[in-house]
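> Before I ask anything, here is the structure I am working with.
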Amino acid sequence: MLTAISISLTATKQVAKQPGQSPLWDIWLGLRRSPSGMVGLCIVLLHICLAVAAPYVVPYDPVEFDTDAIRAAPSAEHLFGTDKLGRDVLTRTLLGGRIALLVTIVGTGLAITWGGLLGITLAYVAGIVDELVMRLVDAILALPRLLILLLIASLFGTDTGVLILGLGFLFGVAVIRIARATTLDFVARDFVLAAYAMGAPRRTIIFRELLPNALDILLVEGALRWSWMLLAFSALSFLGFGVAPPTPDWGLMIANSRDILALAPWATFFPIAAISTLIIGVNLLAGALAKAIGLDRGGGVRV
Amino acid sequence: MGRLLVQRFSLALVVLALVSLIVFVMVELLPGDAATAYLGRNATPEGLARVRVTLGLDRPAPERFLTWTGGLLRGDLGISLARQEPINGFLWMRLRNSLLLGIIAALVGFPLAIGLGIVAGLTRDRLPDLLLSTISLIGMSLPEFVTATLLIYFFSIKLRLFPAVTLVNPDAPLSELLPNIVLPTLTLIIVLTAYILRVVRTSIIEVIRSDYIRTARSKGLASLWVILRHALPNALLPTLTIAALTIAWLIGGLFVIESVFNYPGIGTLLLTAIHDRDLPLVQSIAVVMALIYVVANLGADLLTLMLNPRLRSPRTVG
């Protein structure tokens with residue numbers, strides 16, 4: 001009896017997954033076949049490398065004022081020119097991605113982890129708890145995301161840790177919905193029932209049976225959330241609710257140099273180019289990942 | 001159908017009630033209360049106590065929550081601390097300005113996105129599609145303030161066509177407001193079109209691959225007729241739901257866009273309110289924004305129900 005169940009367990013598991021290969025490996029193979037995805041991956045890796053290497057390669061001190069070269073046009077001395085305080089734009093652009101990348105990468109990981117686990121658990125336990133939490137999720141998603149972020153910023157300040165937790169919490173709320181819907185597709189399949197019938201504890205079922213099958217969707221979801229989190233983070237710093245002023249940050253640089261747009265467009269354009277290429281890269285990567293798991297949602301819904 | 005309507009409607013009410021609770025609790029958590037915000041630096045303990053009594057802050061939180069929501073139900077939003085006047089007096093003009101932006105952007109953006117999305121979907125992986133897909137990828141990758149800044153650079157600084165900042169009163173007549181909304185609306189249209197286009201493209205591709213389109217084609221129906229009569233209605237249904245969902249970040253994007261152009265809408269009002277710690281105003285704006293979102297989603301749900309016969313049949317209503 002018991003052997004029969006475990007045989008059917010392995011059999012159905014092979015249906016649920018590709019035989020012999022991990023789903024993540026399949027995604028990588030799919031990604032490698034997509035030229036746009038590889039371009040996106042290269043852009044993203046380049047940005048991460050630049051951000052890591054920046055402190056060692058920048059030509060100037062990011063907060064040092066050069067009073068002889070205020071709003072200087074790009075030249076051999078200042079390749080990207082200087083801003084209205086005479087600070088080197090190349091230096092600040094190279095350093096400006098560090099906090100954005102740190103906050104959004106850790107924040108996305110956080111969002112996917114807690115949102116994914118809670119969503120999977122809700123799909124499994126169902127019932128009144130599921131109903132209550134989902135209504136709360138609906139209510140939070142009904143509020144403009146930026147409004148909640150602004151309230152969190154006025155509540156807890158704008159430390160890096162607060163930004164990570166705030167973004168991670170808020171974006172995780174939307175992940176709950178996706179993870180729950182994904183899990184509902186296979187929560188009643190034989191391999192889950194078999195594990196339940198064999199008396200596996202709830203924790204084992206969630207981590208061993210449900211999570212592996214939702215992992216590919218969560219990965220794609222993570223890439224999409226990452227690009228939106230970058231948008232949200234840059235909007236926060238642009239509005240002055242992100243990083244504190246002397247720190248180089250793209251959103252902040254754009255906000256501060258906008259009033260000299262006519263006189264010194266380079267001070268605005270280089271940070272714009274930096275943030276735009278990064279988000280384009282992440283979006284290309286996310287699109288290719290979605291295609292690799294057969295989930296082409298055309299860029300997805302920002303929910 | 002009737003039961004489904006009642007269900008959707010009561011769900012919307014539950015969500016709204018929860019929203020007002022969340023907003024109340026969050027604002028309640030903010031350091032200091034309305035009295036400290038009101039008196040600012042000059043606060044003495046006696047003064048604070050007096051203001052708390054006048055504002056009703058000495059009563060317990062659950063009671064204040066009920067008073068506040070009671071006021072909301074009667075359409076009374078309370079009094080702004082920073083302005084010392086009823087919120088009803090100025091909020092709606094700001095909302096009108098924001099809605100003006102949003103509605104014009106939607107009226108131009110949705111048809112544009114649907115049209116271009118159909119073109120992209122039908123020419124999949126050929127030149128028009130590649131071009132449109134690339135443009136929309138860039139459009140959705142640029143933060144709203146970047147798009148706005150680039151538009152200002154080209155249209156205000158280089159071509160000197162439109163003003164870069166809005167310099168009119170919030171309650172100015174529409175005619176005075178119109179030249180000022182061109183660039184903010186254009187920003188919103190670009191972001192909106194970039195997203196919806198991709199959704200329409202994907203659902204067109206899915207639909208033309210489906211069996212019933214193949215059947216219609218093999219019956220010898222003309223291609224264009226098949227697309228208009230059979231493919232389009234089915235492809236547009238998911239777009240409708242997504243269009244309603246985009247309202248949430250459309251409103252979120254408004255904060256940034258309005259702030260870039262200094263446009264006197266509800267977004268800039270909220271930023272000022274947060275800056276001034278004008279807590280009653282923050283609460284009111286949050287609830288109004290959530291209300292717009294919930295109503296838009298309810299509307300899209302109902303429209304989807306009306307347009308999709310499969311969802312109307314009593315069997316699936318369950």
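The values are calculated or read from the model by the stated rules, or taken from the named source; none is laboratory data. Just so it is clear, the model here is predicted, and its values are computed rather than measured. With ideal geometry, Cβ positions are generated from the backbone for all residues, glycine too; neighbour counts draw on all protein chains shown.
> Which of the following residues is of a type in the set (Val, Ile, Thr), touching a His at 6+ places or on another chain (Cβ under 9 Å) and not in a loop (DSSP other than H, G, I, E, B): B:146, B:207?
One residue alone meets the criteria, B:207.
> Have a look at A:234, A:257 and point out the one that is under 22 Å from residue A:149 (Cβ atoms), assigned to a helix (DSSP H, G or I) and within 10 Å of chain B (Cβ to nearest Cβ).
Numbers: A:257 fails: under 22 Å from residue A:149 (Cβ atoms).
Going through A:234, A:257 in turn, the sole match is A:234.
> Quick check on the stretch B:219-228. Is at least one of its residues under 18 Å from the mean Cα position of the chain (by Cα) and either of a type in the set (Val, Ile, Thr) or under 24 Å from residue B:125 (Cα atoms) (or both)?
Here is the first cut: in the stretch B:219-228, the ones under 18 Å from the mean Cα position of the chain (by Cα) are none.
Among the residues of the stretch B:219-228, not one is under 18 Å from the mean Cα position of the chain (by Cα) and either of a type in the set (Val, Ile, Thr) or under 24 Å from residue B:125 (Cα atoms) (or both), which makes the answer no.
> Further question on the same structure: Tell me which residues, restricted to the stretch A:74-90, are out of contact with any Phe, Trp or Tyr (no Cβ under 6 Å at 6 or more places or on another chain) and not in a strand (DSSP E or B). Don't jump to the end; show me each part of the working.
The initial filter retains those residues of the stretch A:74-90 that are out of contact with any Phe, Trp or Tyr (no Cβ under 6 Å at 6 or more places or on another chain), namely A:75-79, A:82-84, A:87.
Once the filter is applied, which keeps residues that are out of contact with any Phe, Trp or Tyr (no Cβ under 6 Å at 6 or more places or on another chain) and not in a strand (DSSP E or B), the stretch A:74-90 yields A:75, A:76, A:77, A:78, A:79, A:83, A:84, A:87.
> Among B:163, B:170, which is the only one that is within 14 Å of chain A (Cβ to nearest Cβ), part of a loop (DSSP other than H, G, I, E, B) and not β-branched (Val, Ile, Thr)? Reasoning before the result, please.
Working: B:170 fails: within 14 Å of chain A (Cβ to nearest Cβ).
Exactly one of B:163, B:170 is within 14 Å of chain A (Cβ to nearest Cβ), part of a loop (DSSP other than H, G, I, E, B) and not β-branched (Val, Ile, Thr), namely B:163.
> Residue B:256 passes all but one of (1) among the aliphatic types (A, V, I, L, M); (2) in contact with a helix residue (DSSP H, G or I) (Cβ under 9 Å, 6 or more places away or on another chain); (3) closer than 16 Å to residue B:111 by Cα; which number fails?
Of everything listed in (1) among the aliphatic types (A, V, I, L, M); (2) in contact with a helix residue (DSSP H, G or I) (Cβ under 9 Å, 6 or more places away or on another chain); (3) closer than 16 Å to residue B:111 by Cα, residue B:256 misses just condition (3).
> How many residues are touching a Ser or Thr at 6+ places or on another chain (Cβ under 9 Å) and free of Cβ contacts under 8 Å to residues at least 60 places away in the same chain if we restrict to the stretch B:57-87? Even if it seems obvious, please write down each step before you answer.
Filtering the stretch B:57-87 for residues touching a Ser or Thr at 6+ places or on another chain (Cβ under 9 Å) gives B:59, B:65, B:68-69, B:72, B:77-78, B:80, B:82, B:86-87.
So of that shortlist, the ones also free of Cβ contacts under 8 Å to residues at least 60 places away in the same chain come out as B:59, B:65, B:69, B:86.
Count: 4.
> If I go through the stretch A:228-263 residue by residue, how many of them are in contact with a Ser or Thr (Cβ under 7 Å, 6 or more places away or on another chain) and either touching a residue at least 60 places away in the same chain (Cβ under 8 Å) or of a type outside the set (Val, Ile, Thr) (or both)?
In the first step, residues of the stretch A:228-263 are kept if they are in contact with a Ser or Thr (Cβ under 7 Å, 6 or more places away or on another chain); the result is A:229-230, A:233, A:239, A:241-244, A:249-252, A:254, A:257-258, A:261.
Checking which are either touching a residue at least 60 places away in the same chain (Cβ under 8 Å) or of a type outside the set (Val, Ile, Thr) (or both) leaves us with A:229-230, A:233, A:239, A:241-244, A:249-252, A:257-258, A:261.
Total meeting the criteria: 15.
> Same structure, new question: Does residue A:166 satisfy being within 14 Å of chain B (Cβ to nearest Cβ), of a type outside the set (Phe, Trp, Tyr) and more than 27 Å from residue B:291 (Cα to Cα)? Lay out the reasoning, then the answer.
Numbers: within 14 Å of chain B (Cβ to nearest Cβ): yes; of a type outside the set (Phe, Trp, Tyr): yes; more than 27 Å from residue B:291 (Cα to Cα): no.
So residue A:166 fails the test.
> Being touching a residue at least 12 places away in the same chain (Cβ under 8 Å) and within 14 Å of chain B (Cβ to nearest Cβ) is true for just one of A:224, A:219, A:215. Which residue is that? Give the steps one after another, and end with the answer.
Working: A:219 fails: within 14 Å of chain B (Cβ to nearest Cβ); A:215 fails: within 14 Å of chain B (Cβ to nearest Cβ).
Checking each option against the conditions leaves just A:224.
The rows are residues; the columns are (1) out of contact with any strand residue (DSSP E or B) (no Cβ under 8 Å at 6 or more places or on another chain); (2) within 12 Å of chain A (Cβ to nearest Cβ).
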| position | (1), (2) |
| --- | --- |
| B:206 | yes, yes |
| B:228 | yes, no |
| B:252 | yes, yes |
| B:265 | yes, no |
| B:278 | no, yes |
| B:285 | yes, yes |
| B:291 | yes, yes |
| B:303 | yes, no |
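> Then there's this: Tell me, please, whether a residue that is within 11 Å of chain A (Cβ to nearest Cβ), basic (Lys, Arg), out of contact with any Lys or Arg (no Cβ under 6 Å at 6 or more places or on another chain) and at positive phi can be found in the stretch B:197-204. Working first, answer last.
Keep residues of the stretch B:197-204 that are within 11 Å of chain A (Cβ to nearest Cβ), which gives B:197-204.
Then keep just the ones that are basic (Lys, Arg); that gives B:198, B:201.
From what's left, out of contact with any Lys or Arg (no Cβ under 6 Å at 6 or more places or on another chain): B:198, B:201.
Remaining after also requiring at positive phi: none.
Within the stretch B:197-204, none of the residues are within 11 Å of chain A (Cβ to nearest Cβ), basic (Lys, Arg), out of contact with any Lys or Arg (no Cβ under 6 Å at 6 or more places or on another chain) and at positive phi.
> Now for a separate question. Kindly establish whether residue B:256 is within 11 Å of chain A (Cβ to nearest Cβ), hydrophobic (A, V, I, L, M, F, W, C) and under 19 Å from residue B:26 (Cα atoms).
Numbers: within 11 Å of chain A (Cβ to nearest Cβ): yes; hydrophobic (A, V, I, L, M, F, W, C): yes; under 19 Å from residue B:26 (Cα atoms): no.
So residue B:256 does not fit the description; no.
> Continuing with this model, one more query. Out of A:176, A:152, A:120, which single residue is in contact (Cβ under 8 Å) with a residue 60 or more places away in the chain, under 19 Å from residue A:104 (Cα atoms) and β-branched (Val, Ile, Thr)? Full working, then the answer.
Working: A:152 fails: in contact (Cβ under 8 Å) with a residue 60 or more places away in the chain; A:120 fails: under 19 Å from residue A:104 (Cα atoms).
Step by step, each of A:176, A:152, A:120 is checked, and only A:176 is in contact (Cβ under 8 Å) with a residue 60 or more places away in the chain, under 19 Å from residue A:104 (Cα atoms) and β-branched (Val, Ile, Thr).
> Then there's this: Among the residues of the stretch A:132-148, is there at least one that is of a type in the set (Gly, Ala, Ser) and either on the phi > 0 side of the Ramachandran plot or surrounded by fewer than 18 Cβ atoms within 10 Å (Cβ to Cβ) (or both)? Full working, then the answer.
Residues of the stretch A:132-148 of a type in the set (Gly, Ala, Ser): A:139, A:142.
Next, from what is left, pick out any that are either on the phi > 0 side of the Ramachandran plot or surrounded by fewer than 18 Cβ atoms within 10 Å (Cβ to Cβ) (or both): none.
Scanning the stretch A:132-148 turns up no residue that is of a type in the set (Gly, Ala, Ser) and either on the phi > 0 side of the Ramachandran plot or surrounded by fewer than 18 Cβ atoms within 10 Å (Cβ to Cβ) (or both).
> Within the stretch A:11-62, restricting attention to residues that are of a type in the set (D, E, K, R) and assigned to a helix (DSSP H, G or I), which residue is modelled with the lowest pLDDT?
Of all residues in the stretch A:11-62, those of a type in the set (D, E, K, R) come to A:13, A:17, A:26, A:32-33, A:61.
Filter once more, so that each one left must be assigned to a helix (DSSP H, G or I): A:13, A:26, A:32-33.
Numbers: A:13: 39, A:26: 77, A:32: 84, A:33: 83.
Out of the qualifying residues, it is A:13.
> In addition: Looking only at the stretch B:63-80, count how many residues are of a type in the set (Lys, Arg) and within 11 Å of residue B:287 (Cβ to Cβ).
First pass over the stretch B:63-80, keeping only residues of a type in the set (Lys, Arg): B:64, B:74.
Next, only the ones that are within 11 Å of residue B:287 (Cβ to Cβ) stay: none.
Qualifying residue count for the region: 0.
> Any residue in the stretch A:93-113 that is assigned to a loop (DSSP other than H, G, I, E, B) and surrounded by 19 or more Cβ atoms within 10 Å (Cβ to Cβ)?
Kept after step one, since they are assigned to a loop (DSSP other than H, G, I, E, B), are these residues of the stretch A:93-113: A:96.
When the remaining residues are screened for being surrounded by 19 or more Cβ atoms within 10 Å (Cβ to Cβ), the result is A:96.
Yes, that holds for at least one residue.
> Determine whether the stretch A:112-125 contains at least one residue that is hydroxyl-bearing (Ser, Thr, Tyr), more than 14 Å from chain B (Cβ to nearest Cβ), within 19 Å of the chain's Cα centre (by Cα) and over 18 Å from residue B:270 (Cβ atoms). Lay out the reasoning, then the answer.
Of all residues in the stretch A:112-125, those hydroxyl-bearing (Ser, Thr, Tyr) come to A:113, A:121, A:124.
Restricting the remaining residues to those that are more than 14 Å from chain B (Cβ to nearest Cβ) gives A:113, A:121, A:124.
Next, only the ones that are within 19 Å of the chain's Cα centre (by Cα) stay: A:113.
Now drop any that are not over 18 Å from residue B:270 (Cβ atoms), which leaves A:113.
Looking through the stretch A:112-125, at least one residue is hydroxyl-bearing (Ser, Thr, Tyr), more than 14 Å from chain B (Cβ to nearest Cβ), within 19 Å of the chain's Cα centre (by Cα) and over 18 Å from residue B:270 (Cβ atoms).
> I'm trying to understand the selection: among the residues of the stretch B:139-167, which are surrounded by fewer than 16 Cβ atoms within 10 Å (Cβ to Cβ) and aliphatic (A, V, I, L, M)? Let's see the steps before the verdict.
Filtering the stretch B:139-167 down to residues surrounded by fewer than 16 Cβ atoms within 10 Å (Cβ to Cβ) leaves B:154, B:157-161, B:165, B:167.
Selection gives B:157, B:159, B:161, B:165, B:167.
> Restricting to the stretch A:240-296, name every residue that is surrounded by fewer than 24 Cβ atoms within 10 Å (Cβ to Cβ), among the polar types (S, T, N, Q) and under 18 Å from the mean Cα position of the chain (by Cα).
Listed by number, the residues that qualify are A:276, A:277.
> Tell me, which helices (runs of 4 or more DSSP H) wholly within the stretch B:1-79 include 3 or more residues that are at pLDDT 70 or above, farther than 24 Å from residue A:148 by Cβ and within 14 Å of another protein chain (Cβ to nearest Cβ)?
Numbers: elements: B:2-29, B:34-39, B:45-55, B:61-73.
Helices (runs of 4 or more DSSP H) meeting the threshold: B:2-29.
> Let me ask something else. Evaluate the stretch B:169-185: report whether one residue or more is in contact with a Ser or Thr (Cβ under 6 Å, 6 or more places away or on another chain) and not hydroxyl-bearing (Ser, Thr, Tyr).
Pass one, the stretch B:169-185, residues in contact with a Ser or Thr (Cβ under 6 Å, 6 or more places away or on another chain): B:180.
Narrowing further to those that are not hydroxyl-bearing (Ser, Thr, Tyr): B:180.
Yes.
> Which of the residues belonging to the stretch A:131-148 are free of Cβ contacts under 8 Å to residues at least 24 places away in the same chain and either among the β-branched types (Val, Ile, Thr) or in a helix (DSSP H, G or I) (or both)?
We begin by selecting, within the stretch A:131-148, every residue free of Cβ contacts under 8 Å to residues at least 24 places away in the same chain; these are A:131-132, A:135-136, A:138-139, A:142-144, A:147-148.
Selection gives A:131, A:132, A:135, A:136, A:138, A:139, A:142, A:147, A:148.
> Which condition does residue A:191 not pass, out of (1) away from chain B (no Cβ under 14 Å); (2) without any contact (Cβ under 8 Å) to a residue 40 or more places away in the chain; (3) surrounded by 15 or more Cβ atoms within 10 Å (Cβ to Cβ), if it passes all the others?
With respect to (1) away from chain B (no Cβ under 14 Å); (2) without any contact (Cβ under 8 Å) to a residue 40 or more places away in the chain; (3) surrounded by 15 or more Cβ atoms within 10 Å (Cβ to Cβ), residue A:191 is out only on (2).
> Which condition number does residue A:281 fail, the rest of (1) within 12 Å of another protein chain (Cβ to nearest Cβ); (2) out of contact with any Cys (no Cβ under 8 Å at 6 or more places or on another chain) being met?
In the conditions (1) within 12 Å of another protein chain (Cβ to nearest Cβ); (2) out of contact with any Cys (no Cβ under 8 Å at 6 or more places or on another chain), residue A:281 misses (2) alone.
> Ok, one more. What are the residues in the stretch B:100-138 that are buried (at least 16 other Cβ atoms within 10 Å of the Cβ), out of contact with any Ser or Thr (no Cβ under 8 Å at 6 or more places or on another chain), under 23 Å from residue B:255 (Cα atoms) and not small (Gly, Ala, Ser), if any?
Hits for the stretch B:100-138 are B:100, B:110, B:137.
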